[in-house]
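Have a look at the structure below before the remarks.
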């Protein structure tokens with residue numbers, strides 16, 4: 001039940017972000033100072049921001065960027081983590097020790113700390129976000145893939161396939177891969193939620209997309225000086241982020257629920 005609710009909520013968020021900028025008729029980036037800080041009305045359902053941009057349209061456009069960045073980073077880290085974790089679990093030795101070293105570095109140097117260090121070196125933009133979150137973002141998925149691979153690799157079926165001379169690439173692709181897909185997908189879904197929060201946090205700190213492009217974190221950052229005069233400018237994108245995070249969390253938790261007997 002919770003899983004279906006989470007998936008439905010996430011679908012609504014995705015459709016909102018994809019369709020609203022196209023259907024609303026307002027440019028989410030073009031200022032219109034004559035209509036700045038208008039209250040909610042039939043023309044602007046959530047009012048306008050400090051530059052006269054429709055708040056509903058800008059929230060949807062910012063959400064599209066937030067989801068796109070989080071999805072792209074999660075895809076990269078999942079692929080890297082799965083490949084390296086599975087290879088380390090099957091081969092052992094040096095790859096296994098390198099994975100453990102990377103895990104130690106990830107615990108000692110959290111991603112946001114690395115991102116803040118890079119903020120003084122790289123200009124704000126997508127390259128800075130990718131550079132900050134990818135190098136250590138794959139470790140969590142790598143550890144899960146490593147553990148699942150070690151468990152599957154010790155099974156009688158895999159041992160039999162190895163005994164007849166199957167190559168490591170064949171084992172990873174045809175024998176081990178299908179068995180570790182479930183755990184990897186679960187951790188990837190959870191990583192998506194964490195990555196979404198990390199991306200918006202970086203934008204809030206000024207490391208994300210430069211204006212006029214923005215995401216939910218950038219919108220909250222822009223609205224900070226107006227928290228008293230127009231709190232809705234920060235509440236709306238923050239609420240959108242909270243709803244998206246809740247939807248993903250419900251979908252992840254549902255995978256661990258016990259199934260009802262038929």
- Task: As a check on your grasp of the helix formula, calculate [θ] at 222 nm for the chain: sum -39500 (n - 2.57) over DSSP H runs of n ≥ 4, divide by the residue count, round to the nearest 500.
- Result: -23000 deg cm²/dmol
- Tilt relative to the chain, helix 139-153 - C-alpha long axis, 0 to 90 degrees, to 10: 30
- Here, residue 75 and residue 18, labelled 7 Å along Cα→Cβ, have an inter-label distance in nm of 1.3
- Message: Once R0 is set to 51 Å, what does the formula 1/(1 + (r/R0)^6) return for the Cβ-Cβ distance between residue 155 and residue 213, expressed as a FRET efficiency to the nearest 0.05?
- Response: 0.55
- Query: Which FRET efficiency, nearest 0.05, do residue 186 and residue 34 yield, Cβ-Cβ r, R0 35 Å?
  - Reply: 0.10
- Among 65, 219, 105, determine the one that fluctuates most according to a GNM of the chain built with springs between C-alpha atoms less than 10 Å apart. 105
- Query: With the Cα gyration tensor of segment 121-262 giving a ≥ b ≥ c as the square roots of its eigenvalues, does the rule (a/c under 1.5 for rounded; else a/b larger than b/c for prolate; else oblate) give rounded, prolate or oblate?
  - Reply: oblate
- Item | Option label - Cα extents along the principal axes in Å computed here, alternatives (i) 51, 44, 37; (ii) 76, 54, 27; (iii) 62, 43, 30 | (ii)
- Once both labels are modelled 7 Å past Cα along the beta-carbon direction, what's the residue 97-residue 50 spacing in nm? 5.4
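Pulled fully out, how much extra length does the chain show between residue 235 and residue 162, if you take 0.36 nm times their separation in residues and subtract their Cα-Cα distance? Don't skip to the end; give the middle numbers.
Working: separation 73, 0.36 × 73 = 26.28 nm, distance 5.68 nm.
Going from the current span to full extension adds 20.6 nm.
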- Have a look at 27, 54, 191 and tell me which one the Gaussian network model of the chain (Cα, springs below 10 Å) gives the largest fluctuation. 27
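Take each of the peptides 14-22, 70-78, 31-39, 180-188, average the number of other beta-carbon atoms within 10 Å over its residues, and list them starting from the highest. Walk me through the numbers before you get to the answer.
Details: 14-22: 15.9, 70-78: 19.7, 31-39: 13.6, 180-188: 17.8.
Those peptides, ordered most packed to least, come out 70-78, 180-188, 14-22, 31-39.
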- Query: Among 61, 87, 166, which one moves the most in a GNM of the chain with springs linking Cα atoms closer than 10 Å?
  - Reply: 166
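Every number here is computed from the coordinates shown, using simple stated rules; none is lab data. Fair warning: this is a prediction, and the values are worked out from it, not measured in the lab. Every residue, glycine among them, receives a Cβ derived from its backbone with ideal geometry; neighbour counts consider all protein chains shown.
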